[in-house]
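Input: a single structure, listed below in structure tokens.
The values are calculated or read from the model by the stated rules, or taken from the named source; none is laboratory data. These numbers were taken from a predicted model, which means no experiment stands behind them. Cβ placement follows ideal geometry from the backbone for every residue including glycine, while neighbour counts extend to all protein chains displayed. Protein only, heavy atoms only, side chains kept; ligands, DNA and RNA dropped before computing areas. Shrake-Rupley method; radii C 1.70, N 1.55, O 1.52, S 1.80 Å.
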Amino acid sequence: NAPKNYQLGWYTDKQISLSSSMMPWQGFLMGIATYESAIAGTHYVLLRIPGTSKDFYVSYNRKIGINSGSVKFGNKVMVHERSTGSGYALSWSLADLGAGGTYTLEGTAISVQVLSISGDVAEVKIVAGSPTNSPVRKPSDSPVKGPSTSPVKQPTTGPVVNPNKYGWRIWFKQSDTSRSDGVSDVHELDFHESNDCSDAEIKPEGDFIASGSYPRESLYPKSAFDDNYKSMWGGRSVSGVFWLGIMYPKNHTVSCINLHQLNTNIATRIYIQNMVEGVWTTVHTAQGLVEGKNTIRWNIGPTSKPSKSPASMPSDSPVKKPT
């Protein structure tokens, strides 16, 4: 578990310690089985919140590869505690959280919020403030066993599943960008119903979603939807793929987007995708994108009702051709 990994000095390049002055903090967790594919500075294998008499640890128990045999709490965000320090100590499991789960650290006003769980990546937010009213699961009565001392093998890569039902996003591969190091920035992204983007943008009323971000709050996905061209999403890829968008409580008709890219870290081709009833579908592909403002429009035709199967991360080819 995370306290033992910290005690043993494992994954030091992909762990972070948060003080209250760094909160609210929002970022991405990956499991030990996908450690090798995690991007240092973007993804973390463990998150430590030091306290006065005890420290708290947050991690993602990704059930895949060397961790595929997990009997309990697979693909959940775990919260542990142990006494302060890095020497030997018993650790305790406090909570296992799915997407949308929240846990308030005992004796504090700090809450752990799971914004989404998408395959290999869990997006979490750590907030210091008034405790929530969400129920707290009582810790187990037995201490957590120590970890194995065997080395961690390189992981396999599994599909990315989004638990929400409606959304719009742009999706593109590393080969669709001007760089080759997993970096691509978006200064502003607007979704419009009209075919020429002349109407007001569809108000962001759901959760922002993205592949990965540079670990600074001003570069998180929300900065691409704040009507400020000077701010930006500092995009980072996951397994060679980028995506950026919004999940909505209901479906919206979109036939035009404005995409602003104001530096050289740009996408030259994107796939515009709509999620309905949990299924991502590519409705338009735009190529030849440039630095600056790109207005992208397409005609809307009749579409068939999507299947009920879970949504998975697109393959290297578009998910579906629009009807």
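Heavy atoms only, 1.4 Å probe, whole protein assembly: order Val114, Val127 by accessible area, highest first.
Putting Val114, Val127 in descending order of accessible area: Val127, Val114.
Calculate, for segment 1-77, the solvent-accessible area per residue in square angstrom, rolling a 1.4 angstrom probe over the heavy atoms of the protein chains.
39
How many nm is it between the label spots at Glu106 and Lys230, if each spot is 7 Å from the Cα in line with the beta carbon?
Placing both labels 7 Å beyond Cα along the Cβ direction yields 4.7 nm.
Residue separation times 0.36 nm, minus the C-alpha to C-alpha distance between Trp298 and Ala200: what's the value?
Difference between extended and current length: 33.6 nm.
Among 12-20, 27-35, 246-254, how do they line up from the highest to the lowest mean number of other beta-carbon atoms within 10 Å?
So the peptides 12-20, 27-35, 246-254, ranked by packing, come out 27-35, 246-254, 12-20.
Once you have a ≥ b ≥ c as the square roots of the Cα gyration tensor eigenvalues for segment 81-131, tell me rounded if a/c is under 1.5, and otherwise prolate or oblate according to whether a/b is larger than b/c.
Oblate, because a/c is 1.5 or more while a/b does not exceed b/c.
Want the number for Lys165 to Glu193: 0.36 nm per residue separation, take away the alpha-carbon distance, what's left?
8.2 nm
State whether segment 2-42 is rounded, prolate or oblate according to the following rule on the C-alpha gyration tensor (a ≥ b ≥ c being the square roots of its eigenvalues): a/c under 1.5 gives rounded; otherwise a/b larger than b/c gives prolate, and the remaining case gives oblate.
oblate
Classify segment 8-106 as rounded, prolate or oblate from the Cα gyration tensor: take a ≥ b ≥ c as the square roots of its eigenvalues, call it rounded if a/c is under 1.5, otherwise prolate when a/b beats b/c and oblate if not.
rounded
Report the local net charge at Ser231: Lys and Arg +1, Asp and Glu -1, summed over other residues whose C-beta lies under 12 Å from its C-beta.
Summing Lys/Arg as +1 and Asp/Glu as -1 gives -2.
Summing +1 for each Lys or Arg and -1 for each Asp or Glu, what net charge is found among the other residues whose Cβ lies under 9 Å from the Cβ of Thr84?
+1
Just to confirm a number: summing +1 for Lys and Arg and -1 for Asp and Glu over residues other than Asn195 whose beta-carbon lies under 15 angstrom from that of Asn195, what do you get?
Surrounding charge for Asn195 is -4.
Which peptide among 97-105, 199-207 comes first, and what is the full order, when sorted by highest mean count of other Cβ atoms within 10 Å?
97-105, 199-207
Using 7 Å Cα-to-Cβ label points, what is the Ser70/Ser86 separation (nm, one decimal)?
Reported label-point gap for Ser70 and Ser86 is 2.5 nm.
Using per-residue counts of other Cβ atoms within 10 Å, averaged over each peptide, order 284-291, 72-79 from highest down.
72-79, 284-291
With a point put 7 Å past each Cα toward its Cβ, work out how far Ser218 is from Thr12 in nm, to one decimal.
About 3.0 nm separates the two model spin labels.
How large a share of the accessible area of segment 168-310, in percent, is made up of carbon and sulfur atoms when the probe is 1.4 Å and the other protein chains stay in place?
Within segment 168-310, the accessible surface is 48 percent carbon and sulfur.
Quote the FRET efficiency, to the nearest 0.05, computed for Ser53 versus Ser20 with a Förster distance R0 of 22 Å and r equal to the Cβ-Cβ distance.
The pair Ser53/Ser20 has a calculated efficiency of 0.90.
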